[in-house]
Amino acid sequence: MSYKYFEEYDQEITESMKNNFHEIIKGVGENPDREGVLKTPERAAKAMQFLTQGYSMDAEEILKQAVFEESYDEMVVVKDIELYSLCEHHMLPFFGKAHIAYIPNGKIIGLSKLPRVVDVFARRLQVQERLTHDILECLNKTLQPQGVAVVIEAVHMCMMMRGVQKQNSATTTSGFRGQFKKIETRNEFLKLISSDLK
């Protein structure tokens, strides 16, 4: 399955989801046979498969494809990785940025694999707390670095569009392993992701 372009839709699943979306459209009071929404059930079915494609991907295998022996042992930081996910409670979007750092222990990873790992776990029904943990544990297990850190900042449509309807709230979650448990290492990481280096 392609990472960037998702085109392999399961026809049986698409048809089943299409029928369900047809009933949902009818249930909200819309005419599912109206021209403007006539193809919406199929589009929605394919969109949902795209947005949840992470279930069919293996993040550890993606990482293992680009692990290289290297003596570099200073902090590696990739920040501002865009992420888009669906809240498992209301199936409404949440989106924001992930910041990842690790300190190699004889192995480095191809940098493009870090955003891919974020996408694998984000393209599932999620809560931000578990998303942070999933990314952290995958990197820690696969790379076995001296330390790994993950910070996610996101806004949640389930808070902005419904319920408390708070438009300016954002949620930050974090996880730290190994050397990042030390306050000085953690502070260096937090300073780097908050700076505007060009």
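The values are calculated or read from the model by the stated rules, or taken from the named source; none is laboratory data. On a predicted model such as this, the values are computed, not experimentally measured, just so you know. Here the Cβ is made from the backbone with ideal geometry for all residues, glycine too, and neighbour counts use every protein chain on show. Note: areas computed on protein heavy atoms with side chains; ligands, DNA, RNA excluded. Shrake-Rupley method; radii C 1.70, N 1.55, O 1.52, S 1.80 Å.
Details
- Residue in the range 107-118 that is assigned to a loop (DSSP other than H, G, I, E, B), farther than 18 Å from residue 176 by Cα, under 10 Å from the mean Cα position of the chain (by Cα) and among the basic types (Lys, Arg) present: no
- Residues being assigned to a helix (DSSP H, G or I) and open to solvent by 60 Å² or more (accessible area, probe 1.4 Å) - total across the range 138-178: 2
- Answer residue from the range 89-109, given it is open to solvent by 10 Å² or more (accessible area, probe 1.4 Å) and touching a Lys or Arg at 6+ places or on another chain (Cβ under 8 Å) and is nearest to residue 156 (Cα to Cα) among those: 92
Residues checked against (1) modelled with pLDDT under 95; (2) in contact with a Leu (Cβ under 7 Å, 6 or more places away or on another chain); (3) farther than 30 Å from residue 192 by Cβ; (4) not in a helix (DSSP H, G or I):
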residue: 4; (1), (2), (3), (4): yes, no, no, yes
residue: 13; (1), (2), (3), (4): yes, no, yes, no
residue: 19; (1), (2), (3), (4): no, no, yes, no
residue: 25; (1), (2), (3), (4): no, no, yes, no
residue: 41; (1), (2), (3), (4): no, no, yes, no
residue: 45; (1), (2), (3), (4): no, no, yes, no
residue: 60; (1), (2), (3), (4): no, no, no, no
residue: 82; (1), (2), (3), (4): no, no, no, yes
residue: 85; (1), (2), (3), (4): no, yes, no, yes
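- Among the candidates 155, 148, 117, the residue that is of a type outside the set (S, T, N, Q) and farther than 22 Å from residue 51 by Cα is uniquely 148.
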